[in-house]
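Dropping a structure here in structure tokens format, bear with me for questions.
Read the figures in this text as sums done on the coordinates, not as results from a lab. Being a predicted model, the structure only gives us computed values, none of them experimental. A quick note on method: Cβ atoms are made from the backbone with ideal geometry, for glycine too, and the neighbour counts reach across all protein chains shown.
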Amino acid sequence: MDKVRGILIGRMQPVHNGHMEVIKRILEEVDEIVIGIGSAQLSHEVKDPFTAGERVVMMTQALAEIDVDPSRYYIIPMQDINFNAIWASHVKMLTPPFSIVYSGNPLVKQLFAEEGYEIRQPPLYDRINLSGTEVRRRILKDENWQELVPKATADLLKEIDGVNRLKNLSVKEISDI
Ligand code: NAD
């Protein structure tokens, strides 16, 4: 029988516990998951501090932490394109074939629904705290961000001095103020 594959696309800036809960849930429903690292071209910005490669490391190690069999996932960085109307085709070109799109993002759901894909909305896990925005806010304020992310994300930030990167990026030049 053909494998059932689902896709989850996210900026993962950074990978946090909400992403991992969603992935665990999806793996209960499909044989394989395609994890799209969205906005792969962006890095070194306050909203998008980490490179696609850094996000791949966070995700790969975080999946290892929860003992996901590597034969069950594909991690694929994908750049944004200027044309929403053909974005679903762009994603399709980059990924193994999939039939189910998992997303809570209204634009993502709309674009794939128009192409005839089955859309499933995963339940929200503590969305107030488990969001990239909250993790980045806590990093900048020296609050406890580690409790919101897998150990893999904390380890990678340490390796690349990611806390200082984010803090440096948040400093506005006089000319920007
Ligand atoms: P995200 O990292 O915020 O979230 C990824 C997924 O995880 C989403 O489906 C979200 O609903 C889910 N999620 C996050 N936290 C959760 C929690 N606590 N509980 C349950 N689910 C949770 O990323 P995103 O903003 O949804 O990423 C979409 C990507 O697609 C972006 O990179 C965007 O640029 C890209 N995109 C590109 C185009 C284009 O290029 N034209 C068009 C549409 C989308």
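Suppose every K and R has +1 on its Cβ and every D and E has -1 on its Cβ; what is the size of the dipole of the range 37-84 about the Cα centre, in Debye to the nearest 20?
Its charge dipole is roughly 100 debye.
In addition: Could you work out the Rg to Rh ratio of the range 1-68, with Rh taken as the Kirkwood radius (inverse of the mean 1/r over all Cα pairs)?
Taking Rg over the Kirkwood Rh, I get 1.00.
Please report how far the C-alpha centroid of the range 121-177 lies from that of the range 80-120, rounded to the nearest whole angstrom.
Rounded to whole Å, the Cα centres lie 27 Å apart.
In percent, how large is the relative contact order of the chain, given Cα pairs closer than 8 Å and 6 or more residues apart?
With pairs under 8 Å counted, the relative contact order is 28 percent.
Which of Phe112, Phe83, Phe50 comes first, and how do the rest follow, when ranked by fewest Cβ neighbours within 10 Å?
Taking fewest neighbouring Cβ atoms as first place, the list is Phe83, Phe112, Phe50.
Given the Cα-Cα distance of Val46 and Tyr74 and 0.36 nm per residue of separation, how much length would full extension add, in nm?
7.4 nm
Can you sort Lys141, Lys3 so the residue with the fewest Cβ neighbours within 10 Å comes first?
Lowest to highest Cβ neighbour count: Lys141, Lys3.
Going 7 Å from the Cα of Arg120 in the Cα-to-Cβ direction, what parts of the range 3-39 have a backbone nitrogen less than 13 Å from that spot?
Within reach of a label on Arg120: 4-8, 22-34.
If we count every other residue with Cβ under 13 angstrom of Arg11's Cβ, Lys/Arg +1 and Asp/Glu -1, where does the sum land?
With Lys, Arg at +1 and Asp, Glu at -1, the neighbours total -1.
I want to check a number: in the range 5-167, how many lysine pairs have alpha carbons closer than 27 Å, given a sequence separation of 8 or more or different chains?
17
Towards the positive end of the charge dipole of the range 5-167, with charges on Cβ (+1 Lys, Arg; -1 Asp, Glu), say which of Leu42, Val22, Ile100 has the farthest Cα.
So the residue we want is Leu42.
Please compute the net charge surrounding Asn129, taking Lys and Arg as +1 and Asp and Glu as -1 over other residues with Cβ under 10 Å from its Cβ.
-1
List, in order, the whole-Hz ³J(HN,Hα) value for each residue of the range 54-67 obtained from phi through the Karplus relation with A = 6.51, B = -1.76, C = 1.60 and θ = phi - 60°; use x for Gly and Pro.
After applying 6.51 cos²θ - 1.76 cosθ + 1.60, I find 5, 5, 5, 4, 4, 5, 4, 5, 5, 5, 5, 4, 9, 6 Hz.
Sketch the reach of a paramagnetic label on Val171 as a point 7 Å from Cα along Cα-to-Cβ, and name the residues of the range 8-48 whose backbone nitrogen lies under 19 Å away.
44-48
Continuing with the same structure: If we count every other residue with Cβ under 11 angstrom of Pro49's Cβ, Lys/Arg +1 and Asp/Glu -1, where does the sum land?
+3
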